[in-house]
Amino acid sequence: MSDNAGKLITIFGGSGFVGRQVVQELARQGYRIRVAVRRPDLAGDVKPLGGVGQILPIQANVRYPESVIRAVRGSDIVINLTGILSEGGKQRFDTVQNVGAKNVAEAAKVAGVKTLVHMSAIGANKQAQSAYARSKALGEEAVFTQFPDAIIIRPSVIFGLDDGFFNLFGAISRLSPILPLVGGKTKMQPIYVGDVAEAFAVAANGGVKGGKIYEIGGPQTQTMRELMERLLIETGRNNLLLPVPNPIAKLIGSMLQILPNPWLTADQVTLLQHDNVVSDEAKQQKRTLSAFGVEPTTMAAILPTYMWRFKKNGQYEENMPTVN
């Protein structure tokens, strides 16, 4: 029996894109897992990621301290993966990524939790023009104030089967002959979701020092334009890459952001004006993926496994007969 069999982990946001991978990784290691989400009735798909009764979705909303306190009660480890890319209704950057982060950290401290791991994002900065980046930085500060030994992990853009990056632009490329290019010169360091999950598992197991912020990215740094060119190669498409000036992109984003799930917002345009890569300071201080002992996975190894869906003939593209 695993040494972790009696230990309980509460994972906020455990039903999301990153969350499911983290849950699966920790379930394999024998932990009992509470998946704290706003709608547990919609999170039943996390249960098969572990053994019978090993994973339990429970109701919690990081905006409400009482529900957070209930969720962490009796936990040995707490992981907070909650975050939003755009605002809508009561889901605001500050309430989720700042106040919500504080609520989780405070509840973990009061409950006597041994380890707290918090997900932030590369680019978090209290002086940033982007509200998203500011709220992430304020959340980090709130976490350390309540839980000084917390481990904070800042990933770059995350890719994988259900990602919101390559899948989004792949869908656009299928619908339109033109692929809008915002922030074409901005550098990114995409990291595979499986590597992110492994890093969180290492942190949960005490494999890295607490009280620090770690920045993790993949093995390749490419510009937004280069990533879109890679996407077109993977999908076998020849869409026109049309650079969109920032003022026009902000105008488009401000109109689209009123939609339930906008593909672009004005705040995201602001974010795209800044590189999203591991900082030189983090490299010098060894606060990168190498600290977790994780070997980064290349985009070339993963993208073909799911980008085929955006090819003209899907998975049958390579087997289509040649017409003379």
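The values are calculated or read from the model by the stated rules, or taken from the named source; none is laboratory data. Remember, predicted model here, so these are calculated numbers, not experimental data. In this analysis, Cβ positions are derived from the backbone assuming ideal geometry, glycine residues included, and neighbour counts consider all displayed protein chains.
So the values come out like this:
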{"item": "Residues of the range 210-266 satisfying the condition of being out of contact with any Leu (no Cβ under 9 Å at 6 or more places or on another chain), surrounded by 16 or more Cβ atoms within 10 Å (Cβ to Cβ) and of a type in the set (D, E, K, R)", "result": "K212, K250"}
{"item": "Which listed residue is surrounded by fewer than 16 Cβ atoms within 10 Å (Cβ to Cβ) and of a type in the set (F, W, Y), from Y31, Y64", "result": "Y64"}
{"item": "Among (1) modelled with pLDDT of 95 or more; (2) more than 22 Å from L161 (Cα to Cα); (3) in contact with a Gly (Cβ under 9 Å, 6 or more places away or on another chain) - the single one V35 does not satisfy", "result": "(2)"}
{"item": "Residues of the range 34-75 satisfying the condition of being of a type in the set (V, I, T) and either in contact with an Asp or Glu (Cβ under 9 Å, 6 or more places away or on another chain) or assigned to a helix (DSSP H, G or I) (or both)", "result": "V46, V68, I69, V72"}
{"item": "Scope the range 253-288; condition among the hydrophobic types (A, V, I, L, M, F, W, C) and touching an Asp or Glu at 6+ places or on another chain (Cβ under 7 Å); matching residues", "result": "V278, A282"}
{"item": "Selected residue (only one of G19, G13 is surrounded by 15 or more Cβ atoms within 10 Å (Cβ to Cβ), under 19 Å from the mean Cα position of the chain (by Cα) and at positive phi)", "result": "G13"}
{"item": "Within the range 237-260, tally of residues that are without any contact (Cβ under 8 Å) to a residue 60 or more places away in the chain, in a loop (DSSP other than H, G, I, E, B) and of a type in the set (S, T, N, Q)", "result": "1"}
{"item": "Number of positions in the range 276-294 that are under 23 Å from K187 (Cβ atoms), surrounded by fewer than 18 Cβ atoms within 10 Å (Cβ to Cβ) and touching a residue at least 40 places away in the same chain (Cβ under 8 Å)", "result": "1"}
